[in-house]
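The values are calculated or read from the model by the stated rules, or taken from the named source; none is laboratory data. Since we're looking at a predicted model, the values are computed, not measured. All Cβ positions, even for glycine, are placed from backbone atoms using ideal geometry, and neighbour counts span all protein chains on display.
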Amino acid sequence: MEEKFYTIDQVAELLDMHHKTIRKFISDGKLKATKVGKQWRISERDLNFFMGKSINENNNNKEIKVDEEIEFSTNEINSEIIRPKVSISTVVEINEIDTKQYMRISNTLIAVMNSKDPSLSDSTINMKYYEKENRLRIILWGPIAFMVVMLDTISILTEPTN
């Protein structure tokens, strides 16, 4: 069986991301890609590994129009940064969220990323808000300690108020 390969633009469309975000994942070594001539190709296996789920799941829930996107990374150009032994990527989707809630959540998560906590080093967050669907998609990449902090924060921010 022959393996399927994707261009950066195809991956960007499948994952509802900007092509520059995909290029950054490749240059940071987070998404494995192979240079073919002057263009990058991403194998289906490497894309599945990166996202932790199958391409079919991505295709079934594909959204093309993105109203707003925020990307934030704590990566620094510094040779002294030590990459963690284990890195995790995850996608968090929050439904039934209005613009005000989205702004509160995104501002808080960016503030957490700015905290200078060493456990957040070499981590990335990408947020997209779909205003028409009242949905927020958050893509996280980083070490285990980062995931714990961010998922706990998201859990607190999305708890229903009584």
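Values computed for the structure shown
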| item | result |
| --- | --- |
| Only listed residue being exposed (fewer than 12 other Cβ atoms within 10 Å of the Cβ) and at pLDDT 50 or above, chosen from 44, 3 | 3 |
| Residue within the range 135-145 that is modelled with pLDDT of 90 or more, more than 22 Å from residue 24 (Cα to Cα), out of contact with any helix residue (DSSP H, G or I) (no Cβ under 8 Å at 6 or more places or on another chain) and not in a helix (DSSP H, G or I) present | yes |
| Residue 158 being modelled with pLDDT of 90 or more, more than 17 Å from residue 24 (Cβ to Cβ) and within 16 Å of the chain's Cα centre (by Cα) | no |
| Pick from the range 127-145, criterion over 17 Å from residue 101 (Cα atoms) and within 13 Å of the chain's Cα centre (by Cα), ranking: surrounded by the most Cβ atoms within 10 Å (Cβ to Cβ) | 142 |
